[in-house]
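Take a look at the structure below.
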Amino acid sequence: MPSGDPRVQPSSDVPLAPLSTLGIGGRARWLARATSPEEVAAAHAWAADRGVPLFVLGSGSNLVIADEGFDGLVLRIALTGVAVAQAGADTLMTAAAGESWDAFVDSTVARGLAGVECLSGIPGTVGGTPIQNVGAYGQEVSHVIETLTAFDRHEQRMVRLAAAECGFSYRMSRFKQDDAGRFVVCGVTYRLRPGSPTITYPDVSDQLARDGIRMPEVRHVRDVVLAIRRRKGMVIDAADPDTRSVGSFFVNPLVSRATYDRIAAANPNTPVPSYVMQNGEVKIPAAWLIERSGFARGHADGRVGLSSKHPLALINRGGATARDVLGFAALIKREVIARFGVALRPEPVFVGLEHNPDVEFLARGG
Ligand SMILES: Cc1cc2nc3c(=O)[nH]c(=O)nc-3n(C[C@H](O)[C@H](O)[C@H](O)COP(=O)(O)OP(=O)(O)OC[C@H]3O[C@@H](n4cnc5c(N)ncnc54)[C@H](O)[C@@H]3O)c2cc1C
């Protein structure tokens, strides 16, 4: 029998487009908020009792939602609170999953703690960060996540997972792959320490040098990263149509040395930008591949296009549908394969789009 749990009071027929940064998507059949792990568990039981799917929503900054919407329960994560504990020289900061990620980063920087300063300006919630192992400018959350707590929908109980159990890799985790939909993250503990900021990207070091900052502190790096991201349309700004996106639509591909050499040999007059990973794979900027496949920044294709500030951001130019976005993304992927033989992997999560042929093509490897 369906439960009449008073902790779950879903609204019906709720538009999802305003809850996603792309501004696209149909309606949720039901939408509820969870402000505690108990409410998460109750929402899970509510959906299970009715035999309907449940989708966990953070801030909607990494989602392409179907025009038909989601025929199930969308659960907005609204758990709040931050706790701080000392562990020797380190500080353990635990934030509830519904906290704003950037507000949390700001609070770590205000304490002079290093570890997430390069992740300033990334939209979304704290609970969203482990899902794709959020990263930017030389830092990833997997470097500093100590543990997380989650409601395990298989076991129907709260669990604590250490970072080593999360299956983190470049822009990936078990939460996005093998165990997608299984865990509802309720809180994350980050191990941070006072000290020097991470400065590995030339964008960051060059800007610090231009600003005349010789001994940068974490707050300087936060300010510089925010300034760089704003120039690239990578900080959400309602007044900037270039930010009506999911950020980068494709992750930077990791290719073998042989593939890199083949691409470099075919482009003798242009140095191919690259970054050699610890395992010997070579990371090539997806933006470079896209621009050289005929899609310049600002490229328009009907109601969708590329940001005028960054060719990796597909934007809703106004009134776009998920179908428009997916068709354009598939076109880009096809052209990059034709030109370079590299299959780009999409970064966002697709909601209610399981049987969409463009999504199936986008998900396919090279
Ligand atoms: C302008 C812009 C710039 C961006 N820049 C970057 C960047 O530099 N680096 C980067 O890595 N990403 C970037 N992103 C992507 C995005 O901000 C991150 O992936 C963010 O962590 C998503 O968090 P969210 O709360 O919005 O999650 P949502 O978009 O709501 O959800 C994304 C996925 O996470 C799942 N999820 C969310 N919360 C939970 C939870 N509590 N428990 C279980 N599952 C959950 C959802 O079910 C979904 O599968 C950018 C996006 C935009 C729009």
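The values are calculated or read from the model by the stated rules, or taken from the named source; none is laboratory data. Worth saying up front: this structure is predicted, and the values here are computed from it rather than measured. As a convention, Cβ positions derive from the backbone with ideal geometry for all residues, glycine included, and neighbour counts pool all protein chains shown.
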Worksheet item: Out of curiosity, is V204 within 16 Å of the ligand (Cβ to nearest atom), more than 20 Å from the chain's Cα centre (by Cα) and in a helix (DSSP H, G or I)?
Response: yes
Worksheet item: Scanning for something within 30 Å of A329 (Cα to Cα), of a type in the set (A, V, I, L, M, F, W, C), modelled with pLDDT of 95 or more and part of a helix (DSSP H, G or I), does region 15-24 turn up at least one residue?
Response: yes
Fill in: Filter result (surrounded by 23 or more Cβ atoms within 10 Å (Cβ to Cβ) and touching a residue at least 60 places away in the same chain (Cβ under 8 Å)) within region 36-53
V40
Item to complete: Provide a single number: the residues in region 1-35 that are under 30 Å from G305 (Cβ atoms) and without any contact (Cβ under 8 Å) to a residue 12 or more places away in the chain.
Response: 1
Practice prompt. Take the residues in region 212-223 that are of a type in the set (A, V, I, L, M, F, W, C) and in a loop (DSSP other than H, G, I, E, B), then tell me which one is farthest from the ligand (Cβ to nearest atom).
Written response: M215
Item to complete: Might you check whether a residue that is part of a loop (DSSP other than H, G, I, E, B), closer than 29 Å to M234 by Cβ and touching a strand residue (DSSP E or B) at 6+ places or on another chain (Cβ under 7 Å) occurs anywhere in region 146-157?
Response: no
Fill in: Within region 87-141, tally of residues that are more than 9 Å from the ligand (Cβ to nearest atom), β-branched (V, I, T) and either free of Cβ contacts under 8 Å to residues at least 12 places away in the same chain or within 21 Å of F175 (Cα to Cα) (or both)
2
Worksheet item: Does R339 count as surrounded by fewer than 21 Cβ atoms within 10 Å (Cβ to Cβ) and farther than 21 Å from A239 by Cα?
Response: yes
Worksheet item: Any chance region 56-71 includes a residue that's of a type outside the set (S, T, N, Q) and more than 27 Å from G318 (Cα to Cα)?
Response: no
Worksheet item: Hey, among the residues in region 330-358 that are within 17 Å of the chain's Cα centre (by Cα) and within 15 Å of the ligand (Cβ to nearest atom), which one's nearest to N267 (Cα to Cα)?
Response: R345
Worksheet item: Looking only at region 51-66, which residues are touching a Leu at 6+ places or on another chain (Cβ under 6 Å) and within 6 Å of the ligand (Cβ to nearest atom)?
Response: V56, G60
Response to the item:
The number of residues in region 197-210 that are of a type in the set (D, E) and either surrounded by 15 or more Cβ atoms within 10 Å (Cβ to Cβ) or modelled with pLDDT under 95 (or both) is 1
Discussion item. I'd like to check something: does region 168-175 contain any residue that is within 13 Å of the ligand (Cβ to nearest atom), in a strand (DSSP E or B), closer than 25 Å to A78 by Cβ and polar (S, T, N, Q)?
Written reply: no
Worksheet item: With L312, L326, L306, L331 as the choices, which residue is within 27 Å of G26 (Cα to Cα) and touching a Ser or Thr at 6+ places or on another chain (Cβ under 6 Å)?
Response: L312
Worksheet entry | Considering residues of region 224-253 that are crowded, with 18+ Cβ neighbours inside 10 Å and outside any loop (DSSP other than H, G, I, E, B) only, the residue farthest from the ligand (Cβ to nearest atom) | V224
Worksheet entry | Pairs with Cβ under 6 Å, 6+ apart, first in region 176-198 and within 11 Å of I131 (Cβ to Cβ) and in contact (Cβ under 8 Å) with a residue 60 or more places away in the chain, second within 14 Å of the ligand (Cβ to nearest atom) and among the polar types (S, T, N, Q) | K176/Q132
Worksheet, complete the sentence: Okay, helices (runs of 4 or more DSSP H) sitting entirely in region 268-366 with 2 or more residues that are within 22 Å of Q132 (Cβ to Cβ) and out of contact with any strand residue (DSSP E or B) (no Cβ under 9 Å at 6 or more places or on another chain), I get 357-363
